[in-house]
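One structure follows; several queries about it will come next.
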Amino acid sequence: MQPQYHAQAVEDTAQTFWAKHRSFEVTEKLDQPSFYCLSMLPYPSGELHMGHVRNYTLGDVIARIKIMQKYNVLQPLGWDAFGLPAENAAIKHRVSPQNWTLNNINTMRTQLKRMGLGIDWSREIQTCLPEYYRWNQWLFLQMFKKGLVYQRESTVNWDPVDNTVLANEQVIDGRGWRSDALVEKRKIRQWFFKITAYADELLDALDTLEGWPQEIITMQRNWIGRAHGVDVHFPVIDQPDPLIAFTTRIDTLFGVSYLAISVDHPLAHIAAQTSENIRAFIETSQHTDTSERSAAIAEKKGIATPFLAHHPLTGNTLPIWICNYVVMDYGTGCVMGVPAHDLRDHAFALTYTLPILPVIQPPENATTPWDFTQAPWVEPQGTLINSDTFNTHTIEQAQKQIAQVLHQQASGGQTTTYRLRDWGVSRQRYWGTPIPMIHCDHCGLVPVPESELPVILPLDLPMTKTGAQLAQYSTFVDTTCPHCNAAAQRETDTMDTFVDSSWYYARYACPDQNQTMLDDRAKYWTPVDQYIGGIEHANMHLLYARFIHKVLRDIGLLNSDEPFQKLLAQGMVLKDGKKMSKSKGNVITPMPLIEQYGADTLRLFSIFTAPPEQTLEWHSEGVEGAQRFLNRFWLLCYQWKDAVIGCQTQPPLEHFTQPNLLKMHSDCHLIVKQLCFDVERQQFNTVVSAVMKLVNLISELAPDVESTETAWLAHETLSIMIRALAPITPHICHVLWQALAYGDNVLEADYPQEDLQAIQRAQITLIIQINGKLRGQLCIDAQMSKDKIIESACALENIKKYL
RNA sequence: GCCGGGGUGGCGAAAUUGGUAGACGCGCCAGAUUCAAAAUCUGGUGGUGGUAACACCGUGUCGGUUCGAGUCCGACCCUCGGUACCA
């Protein structure tokens with residue numbers, strides 16, 4: 001053992017040892033509890049960034065703790081290798097998306113390995129390879145058979161100059177990012193997964209996810225957005241179909257002063273046929289991107305139609321307006337306008353001078369009388385007024401009875417809607433999984449027979465622009481119909497990459513399986529015990545994966561209800577207050593730091609700097625502190641080496657002759673107690689703090705080979721420190737564990753546990769507060785009686801002052 | 001806009017969930033070591049007043065509950081993430 005710590009040499013030694021012993025390659029074992037620890041798979045953007053370091057270090061810390069706790073631990077890794085950036089890079093650098101992607105994977109794999117992660121690399125998957133994506137296609141066909149796949153028109157961002165579909169990210173201030181042309185909405189036929197068929201289960205099962213952070217459960221609950229309400233039918237004068245409006249506030253039905261329909265509503269299109277103004281209004285609303293955010297922050301505008309509707313209960317006529325704030329995708333694309341009791345309707349009514357009809361009297365204790373011209377009364381409290389026979393009813397009674405009356409006269413009924421929309425999986429892009437469908441003029445839509453999977457994505461077409469390149473490539477498009485053998489065309493849309501990442505965790509269990517998507521090994525390993533990934537995936541990825549898991553369960557390939565038992569939503573790594581990203585040019589690359597300081601230093605830094613869930617604002621100063629600590633730790637072990645190796649027998653506690661050592665031993669285990677608590681709640685930054693405290697504690701002692709008591713205390717404390725830190729800085733701990741002759745492999749040692757007996761204290765420090773303010777301290781015997789304690793406390797000079 | 005977080009010394013943070021605010025680390029200051037520097041070691045370090053003991057103030061802002069609030073309640077400000085085609 002050298003007196004100086006040389007990270008590079010230490011890390012080579014440890015990594016060679018793990019490789020030689022295949023320390024992280026695992027198989028199914030029935031006599032040992034399994035633990036599946038998974039970090040979200042990376043997108044191969046080109047280089048490792050700090051977010052990766054944080055994510056994979058956290059996962060590795062948890063995996064290694066579980067190994068030391070004697071679980072059969074699986075920690076795999078693969079690549080989310082399809083997606084938009086590869087197409088952009090391909091055009092920019094004149095390489096194929098495949099080459100760009102695979103090169104990036106090779107670079108990043110080397111970088112990840114340099115971090116010393118305990119990963120079973122034999123299970124690596126790459127989603128852009130046919131061995132993987134054929135099962136996307138197979139899954140698509142199974143879902144098609146089950147009626148969970150369908151086609152319908154939906155809106156995309158269209159760049160009229162580049163003639164291509166743009167992702168929301170490619171639209172900047174309403175313009176295409178390359179062409180700078182004003183983006184238009186365009187409707188095209190697209191494929192959908194019917195996630196709404198699982199909406200209730202996805203929502204209700206949230207209550208079973210005890211290992212998930214509450215805020216993510218709340219986000220998913222709100223995202224699904226189940227709302228119970230009533231569909232109300234409003235007959236439209238001189239039109240065959242009534243307007244149907246969904247409302248959760250049927251109690252305000254008598255307060256309706258207008259109906260608002262979406263610009264995409266069929267009735268809006270009929271109105272446009274006869275009015276140039278309406279046509280222009282609808283046209284203007286098309287010049288924006290498709291994001292919900294843009295729609296929500298846009299100025300609320302409307303235009304009256306020539307149509308009128310009848311109120312189903314009063315028979316009054318109501319004007320029908322086309323409004324840019326009504327979304328066609330939610331509910332029925334039509335809402336009833338109740339200005340007196342809805343914020344948005346109130347503002348709209350003021351702008352367009354529509355009547356404000358109060359129908360709920362606010363309760364007594366509210367500001368009375370309520371001035372409805374100033375603000376709507378939106379609280380669901382109060383009694384009904386101006387509502388015919390329902391006057392004086394409470395809101396609850398009115399909701400029940402009005403719904404009943406509507407039902408009786410066939411003007412509506414109770415219903416449930418969801419904010420959740422079906423999952424559009426079509427992409428008009430090249431670099432993705434081809435959708436396995438064929439368009440035949442005679443037979444219509446025909447699924448590709450399973451025996452003909454995979455439908456291979458051609459690699460030899462020229463990349464000149466992003467978008468639907470496959471459609472231009474006749475070698476791919478032209479085929480024959482599997483039914484009638486006539487000439488037919490392949491579907492040229494590819495799948496959303498979220499499909500790839502919705503089941504990959506199960507594929508790691510059987511990556512070599514080429515007969516089926518998943519085999520029984522997937523049932524052994526799933527569900528994932530611990531999933532770790534960025535909070536930015538709280539809604540989409542985590543909801544899609546839950547959905548597909550349930551589909552795979554229903555197909556019989558999996559036997560659990562949920563994919564991820566426990567979830568650690570890691571905070572983002574920010575630089576200058578912003579998410580690190582290439583487009584913002586604020587990316588910190590960790591590799592130079594690893595070269596300079598070693599992987600352990602960077603791992604220690606990323607764990608120590610902030611608790612896992614919190615956003616981490618990047619500052620480079622702390623890295624040197626982490627390095628300094630490891631130097632100190634190494635030197636400490638070096639100084640105690642002989643004493644520790646020479647110390648074989650452990651004197652029982654009660655035979656300790658030096659009270660200061662006994663005190664130190666007790667302090668040590670108090671720190672360990674806290675450490676174990678923090679490990680349990682996954683607050684790893686304070687686990688590092690605890691080890692630092694232990695180092696400070698032992699540094700007070702001079703290494704002494706002669707004193708068995710001192711040597712034993714050091715023997716025990718150093719052993720605890722090395723084992724506690726081993727999951728976080730595995731290389732240095734591996735080498736130190738051997739150097740101090742504790743054993744061959746620290747991974748096989750037990751994770752530290754506090755010694756409760758050691759913590760029993762003869763004396764306790766008591767804090768004395770008067771009116772919540774600290775006024776004194778008292779050191780007392782643990783056995784002292786209450787009366788005696790009060791007597792002693794009152795005797796203190798400082799306490800007398802305040803009594 | 002909507003949904004979900006966050007805001008504590010010069011900086012990253014801690015406070016076992018209503019009971020010693022600032023553990024641990026970074027930075028800074030002083031000292032030791034050195035021809036000198038780096039590295040290392042020792043001590044100090046929220047603010048104000050005081051030689052000191054100690055006192056008062058202090059966890060984004062304003063208000064409330066409590067013997068006692070960083071922690072609970074109400075309103076607001078700032079900020080980050082998501083917002084369905086970035087992943």
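The values are calculated or read from the model by the stated rules, or taken from the named source; none is laboratory data. Note that the structure is a prediction, hence the values are computed from the model and not measured. So basically every Cβ, Gly included, is an ideal-geometry build from the backbone, and we count neighbours across all protein chains shown. Remember, those area values only see protein heavy atoms, side chains included, never the ligands or the DNA or RNA. Shrake-Rupley method; radii C 1.70, N 1.55, O 1.52, S 1.80 Å.
Taking amide hydrogens as modeled 1.01 Å from N in the peptide plane, which residues meet the under 5 Å criterion relative to A:Lys566, leaving out close sequence neighbours?
A:Gln530, A:Tyr531
Using the Cα centre of segment A:645-803 as origin and beta-carbon charges of +1 (Lys, Arg) and -1 (Asp, Glu), tell me which of A:Ala711, A:Ser785, A:Ala758 is placed farthest towards the positive end of the dipole.
About the Cα centre, the residue reaching furthest to the positive side is A:Ser785.
Still on this structure: Would you mind working out the magnitude of the charge dipole of chain A relative to its Cα centre, with +1 at each Lys and Arg C-beta and -1 at each Asp and Glu C-beta, to the nearest 20 Debye? Don't skip to the answer; put the middle values down first.
Working: 67 positive and 87 negative charges, 146 e Å.
Using Cβ point charges on Lys, Arg, Asp and Glu, chain A gives about 700 debye.
Which is the longest part of chain A that has none of the GluC sites (Glu not before Pro) sitting in a DSSP loop with at most 16 other Cβ atoms within 10 Å? Walk me through the numbers on the way to the answer.
Values: sites that count: A:Glu25, A:Glu28, A:Glu47, A:Glu124, A:Glu210, A:Glu299, A:Glu364, A:Glu613, A:Glu700, A:Glu706.
Value returned for the longest uninterrupted segment is A:365-612.
Quick one: angle between helix A:130-145 and the longest Cα principal axis of chain A, in degrees between 0 and 90, rounded to 10, please.
That works out to roughly 40 degrees.
Please identify every one of the trypsin sites (Lys or Arg not before Pro) in segment A:4-111 that sits in a loop by DSSP and has no more than 12 other beta carbons within 10 Å of its own beta carbon. Spell out each step's value before the answer.
Working: sites: A:Lys20, A:Arg22, A:Lys29, A:Arg54, A:Arg64, A:Lys66, A:Lys70, A:Lys92, A:Arg94, A:Arg109; in loops: A:Arg22, A:Lys29, A:Lys70, A:Arg94.
Qualifying residues, ordered by number: A:Arg22, A:Lys29, A:Arg94.
Give, rounded to the nearest 20 debye, the magnitude of the charge dipole that segment A:68-126 has about its Cα centre when Lys and Arg contribute +1 at Cβ and Asp and Glu contribute -1 at Cβ. Please list the in-between numbers first.
Details: 7 positive and 4 negative charges, 42 e Å.
Once rounded to the nearest 20, the dipole reads 200 debye.
Need one value: the accessible area of A:Asp478 in square angstrom, 1.4 angstrom probe, rounded to the nearest 10.
Approximately 90 Å² of A:Asp478 is accessible to the 1.4 Å probe.
Also, quick follow-up: Looking at segment A:41-86 from every direction and averaging, what is the projected area of its Cα convex hull in nm²? Kindly include the intermediate steps, with their values, before the conclusion.
On the way: hull surface 14.3 nm².
In nm², the orientation-averaged hull projection of segment A:41-86 is 3.6.
Please give the calculated 222 nm ellipticity per residue for chain A, where each DSSP H segment of at least 4 residues contributes -39500 (n - 2.57) and the sum is spread over every residue; nearest 500 deg cm²/dmol? Could you put the intermediate results ahead of the total?
On the way: 27 runs with 306 residues, N = 803.
One gets -11500 deg cm²/dmol as the mean residue ellipticity at 222 nm.
I need the per residue convex hull volume for segment A:271-404, using only the alpha carbons, in cubic angstrom as a whole number.
Details: hull volume 18.5 nm³, N = 134.
In segment A:271-404, the Cα convex hull volume per residue is 138 Å³.
If one takes the longest principal axis of the Cα atoms in chain A, at what angle in degrees, from 0 to 90 and to the nearest 10, does the Cα axis of helix A:97-114 lie?
30
Pairs of alpha-carbon atoms within less than 8 angstrom and 6+ residues apart define the contacts here; what relative contact order does segment A:26-87 have, in percent? Mind dumping the intermediate values first?
Working: 59 pairs, mean separation 32.5, N = 62.
The normalised contact order for segment A:26-87 reaches 52 percent.
Suppose all protein chains stay in the model; what accessible area per residue would a 1.4 Å probe give for chain A, in Å²? Please report the intermediate quantities before stating the final value.
Numbers: 36360 Å² over 803 residues.
Ligands and nucleic acids excluded, the figure is 45 Å² per residue.
Contact order normalised by length for chain A, with contacts defined as Cα pairs under 8 Å and 6 or more residues apart; what percent is it? The partial results should precede the final answer.
Values: 1378 pairs, mean separation 122.8, N = 803.
So the answer I get is 15 percent.
What is the projected area of the convex hull of the Cα atoms of chain A, averaged over all directions, in nm²? Could you put the intermediate results ahead of the total?
Values: hull surface 183.7 nm².
So the mean shadow area of the Cα hull is 45.9 nm².
Then there is this: Can you send over the solvent-accessible area of A:Thr657, 1.4 Å probe, protein chains only, in Å² to the nearest 10?
Answer for A:Thr657: close to 110 Å² accessible.
Would you list, by chain and number, the lysines whose Cα falls below 21 Å from the Cα of A:Lys566, excluding same-chain residues fewer than 8 positions away?
A:Lys66, A:Lys70, A:Lys523, A:Lys550
What is the sum of charges, Lys and Arg at +1 and Asp and Glu at -1, for the other residues whose Cβ falls under 14 Å from the Cβ of A:Thr480? Provide the component values of the computation, followed by the final result.
Numbers: positive: A:Arg490; negative: A:Asp441, A:Glu452, A:Asp478.
Charge balance in the 14 Å sphere: -2.
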